[in-house]
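To start, the structure itself, in structure tokens.
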Amino acid sequence: MKVFKVEENSIKLSKFLSDKYGASMPYSTMQKLFRAKDIKVDGKRVSKDLTVQKGQEICVYFDGVKNEITPLFNKCGILVFFKPRTITSEDFEVEVNKTYQGYKLCHRLDRNTAGLLVFGIEKSLEEMLSAFKKRTIQKFYLAEVYGALEKDSDTLSSYLVKNSENSLVKIYDKKVEGSVKIVTKYEVVEKRKNSTVIRVELITGKTHQIRAHFAHIGHFVIGDGKYGSNEINKLFKAKRQRLTAYSLTFNFEKDSPLYSINGETITLDNNDF
């Protein structure tokens with residue numbers, strides 16, 4: 001059991017707990033605590049998220065998981081971890097460094113995208129950053145998108161414009177001023193009622209590419225609040241986007257200091273949607 005005092009006004013309890021526990025309390029664990037009424041606010045058990053105020057006492061019957069952020073891959077100064085939803089890549093890096101000091105992010109995932117996240121240290125970090133920049137690392141995602149796709153596999157080509165002011169991107173079928181070309185490959189993995197699970201390979205890698213590209217063709221990622229439909233997300237009971245970075249394959253030249261891990265693939269056994 002842990003006891004906390006709220007130090008700011010009007011903050012969601014879920015946000016407060018995420019700030020306190022970090023990666024050791026993923027969203028799924030938090031929901032279990034709510035269902036079990038294992039959280040008290042000023043001595044009263046609560047069963048759902050609510051807004052708490054400065055000075056209130058939060059009692060949580062959960063001590064967190066210490067040092068359980070275990071790498072799925074650990075070779076040549078490279079670590080690969082599973083990042084859960086609801087935590088930023090930067091905050092996850094803080095958690096990683098509590099055990100693996102000096103390791104830095106080689107790339108990033110959106111807060112609400114789960115999946116494989118690569119870290120490196122010293123010269124291995126430099127080499128891996130270069131590989132991601134050159135796009136020699138194959139990255140594959142699993143996504144559940146709305147509706148039935150016309151083709152079982154396809155390569156989509158469009159143009160993307162990023163609006164930094166509102167953190168959104170817009171997709172166009174033809175090149176427009178300020179746009180960059182994007183290419184997204186997919187194949188159908190499973191057809192469901194009113195949705196489709198797909199395997200996606202990013203040929204280019206731009207901000208929100210998967211989410212925006214499939215929304216552009218009318219098949220947004222289920223649970224996506226930015227590019228999808230909140231009404232439909234509610235029907236699917238999806239509070240987080242159903243998108244997971246599930247597989248990575250390393251590709252290095254023979255003269256690379258990381259050539260010994262060339263061709264190695266790290267794949268998650270399953271996904272949570």
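A short reminder: the numbers here are calculations on the coordinates, not readings from a lab. A quick note: this is a predicted structure, and the numbers were derived from the prediction, not measured. Virtual Cβ from ideal backbone geometry, glycine too; neighbours counted across all protein chains shown.
Are any of the pairs LYS83/LYS239; LYS32/LYS234; LYS174/LYS234 more than 25 Å apart by Cα-Cα distance, and if so, which?
LYS174/LYS234
Taking the Cα centroid of the stretch 203-262 and of the stretch 66-112, what is the distance between the two, rounded to the nearest whole Å?
If we compute the Cα centre of each part, the gap is 18 Å.
Along the positive direction of the dipole of the chain (beta-carbon charges: Lys, Arg +1; Asp, Glu -1; about the Cα centre), which of VAL6, PHE119, VAL52 reaches farthest?
Among VAL6, PHE119, VAL52, the one farthest towards the positive end of the dipole of the chain is VAL52.
Determine the dipole magnitude for the chain: charges of +1 sit on the beta-carbon of Lys and Arg, -1 on that of Asp and Glu, nothing else is charged, the reference point is the Cα centre, and the result goes in debye to the nearest 20.
Working: 46 positive and 34 negative charges, 156 e Å.
Result for the chain is approximately 740 debye, rounded to the nearest 20.
Per residue of the stretch 245-255, what does 6.51 cos²θ - 1.76 cosθ + 1.60 with θ = phi - 60° give for ³J(HN,Hα)? Whole Hz please, x for Gly and Pro, Karplus curve as stated.
7, 9, 8, 9, 10, 8, 9, 9, 6, 4, 8
Would you be so kind as to identify which of ILE266, ASN230, ILE203 lies farthest towards the positive end of the dipole of the stretch 150-273, taking Lys and Arg as +1 and Asp and Glu as -1 on Cβ and the Cα centre as origin?
Selected residue: ASN230.
Are there chymotrypsin sites (Phe, Trp or Tyr not before Pro) in the stretch 1-89 that DSSP puts in a loop and that have at most 15 other Cβ atoms within 10 Å, and which ones?
TYR61
What's the longest uninterrupted piece of the chain once you rule out the GluC sites (Glu not before Pro) that are loop residues per DSSP with at most 15 other Cβ within 10 Å?
69-149
Given [x] 33, 26, 17; [y] 45, 20, 15; [z] 27, 21, 18 as candidate values of semi-axes √(5λ) of the Cα gyration tensor in Å, which corresponds to the one derived from the coordinates?
[x]
How about the stretch 156-255: which trypsin sites (Lys or Arg not before Pro) there lie in a loop by DSSP and see at most 15 other Cβ atoms within 10 Å? Provide the component values of the computation, followed by the final result.
On the way: sites: LYS162, LYS170, LYS174, LYS175, LYS181, LYS185, LYS191, ARG192, LYS193, ARG199, LYS206, ARG211, LYS226, LYS234, LYS237, LYS239, ARG240, ARG242, LYS254; in loops: LYS174, LYS175, LYS193, LYS206, LYS226, LYS237, LYS239, ARG240, ARG242, LYS254.
Filter output for the stretch 156-255: LYS174, LYS175, LYS193, LYS237, LYS239, LYS254.
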